[in-house]
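Engineer: First the structure, which I've put down as structure tokens, then a few questions once you've had a look.
What follows is calculated from the coordinates using simple rules that are stated; it is not laboratory data. Predicted model, so just to flag it, every value in this text is computed and none were measured. Please note: Cβ atoms are built from the backbone with ideal geometry, for glycine as well, and neighbour counts cover all protein chains shown.
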Amino acid sequence: MIEPRFAFSTETRDKKENQDVGTAERLLMADGAFAYLACVADGVSQCESPREVAGLALSALRRAVESATLSQLTDSTAREQWLALWSQNLTSEVKRRVRDGFSTLCALLLFAIPDGDELEPREWGLISINVGDSSAFLVSPSVEGCQSLRPEERGGRNSAAGGGIIRAVGMQLSPLFDISYRTFPSDFIGWFWVGSDGVFNFVMGSDLRQFCLNGEEPFRKLPNAVLDLSLSAGRASRRAKLDNATVALLGLNVPEGPTPTKTMPPQPNRETKPRKPNRLLIFILTILAVLILTIVGLVIYYFVSGSNASTKIDDNTVDTISMEDKTEGPNVIPSEKKPTALPFNQSQSSTNSPSGADNSNSSLQTPTAATLPIGQ
């Protein structure tokens, strides 16, 4: 036997305080059997103590389940007596402890009915309890659409014609709970939803069916997904203030995790496909490469330009020095040079030569050392 699953989620929304209370849990009954409870109690905000009444209603129902037996819940007469007893006690407790407070109550109780001494259940029993405007729904692949699980209102209508709740816990001498009982085969697959009006004012049955049957979300996250949808739809409707929202969920023979698709079965050793390149990363790397190349090019350009400039300066310096050496014109004053020493007789002969005579032949008239007498 696959044990039923349960999940729960709630939100305060735009209210200052979350006046909803609820639960999704497994309870041990008096005869040792397990029961799975999904319950939402929504306090009426116009009252002074709505949350306190909602908490009392949930506590009373939980104690009633823990004190019950399978035989008591499966027998119609015993079931009616069981409901009347704890609901009357709840009314008395609310009147004694709370001066002004009302609350709705919507609950589903799921339990296995064994086949004699067999451990496996023959079928599953489901009790639905309701007063007020909270709702319960069933989604199943074997059931068309989304089926309401609220019992027939034998105690009267929950809401007035013009709106507003006329039946709730603490509003009358008896809360006038409606109750119904049905059974499901042991292999039945179903999602059992319970929620306050803050959820189902914006979520339709087709939405619930899509969440349950598409198999994309794990079971424990389904309440959160439904609350997210109802919140976005509520914002889109431009409501002035959104009410508290609460969801409790039971699952019978449903998977815990996402359901693998038929086209893509799980393959542990399957090779992963190569990831597509990140275009943004490629673009950024390209820009960086261009910038780096540009910077390197500028550095090389300035380095070469600096080398050429220094070479030109050296060449100009050499040319200037050369020009200074070669430039000797009429306006240039020659540097003073020491006269070359001449032989004594040559200088004397030059001195005795008549003025104005050409001295170019003076060397011819000067006797050489070979012709001079020794000792002269």
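Engineer: Say each of Glu48 and Ala78 gets a label point 7 Å from the Cα, pointing the same way as Cα to Cβ; how far apart are those two points in nm?
Structural biologist: The answer from the label model is 4.2 nm.
Engineer: Quickly work out the Glu216-to-Val143 label distance, labels modelled 7 Å from Cα along the C-beta direction, and quote it in nm with one decimal.
Structural biologist: 2.4 nm
Engineer: So, one more: For every other residue with a beta carbon closer than 14 angstrom to the beta carbon of Leu73, add +1 if it is Lys or Arg and -1 if Asp or Glu, then tell me the sum.
Structural biologist: Values: positive: Arg79, Arg182; negative: Asp31, Glu66, Asp75, Glu80, Glu123.
Taking every other residue near Leu73 into account, the sum is -3.
Engineer: Compare the peptides 9-16, 116-123 by average per-residue count of other Cβ atoms within 10 angstrom and give them in order, highest first.
Structural biologist: Working: 9-16: 16.9, 116-123: 10.0.
Put in order of decreasing packing, that is 9-16, 116-123.
Engineer: Hey, can you rank 245-257, 181-193 by average C-beta count inside 10 Å, highest first?
Structural biologist: Working: 245-257: 22.5, 181-193: 18.3.
Taking the mean over residues of other Cβ atoms within 10 Å, the ranking is 245-257, 181-193.
Engineer: If packing is taken as the mean number of other Cβ atoms within 10 Å per residue, what is the order of 224-232, 32-40, 139-147, highest first?
Structural biologist: Numbers: 224-232: 17.9, 32-40: 21.6, 139-147: 14.6.
Descending packing order for the listed peptides: 32-40, 224-232, 139-147.
Engineer: Looking at region 190-262, which trypsin sites (Lys or Arg not before Pro) are DSSP coil and have at most 12 other C-beta atoms within 10 Å of their C-beta? Before the final figure, lay out each step's value.
Structural biologist: Details: sites: Arg209, Arg220, Lys221, Arg235, Arg238, Arg239, Lys241, Lys262; in loops: Arg238, Arg239, Lys241, Lys262.
The qualifying sites are Arg238, Lys241, Lys262.
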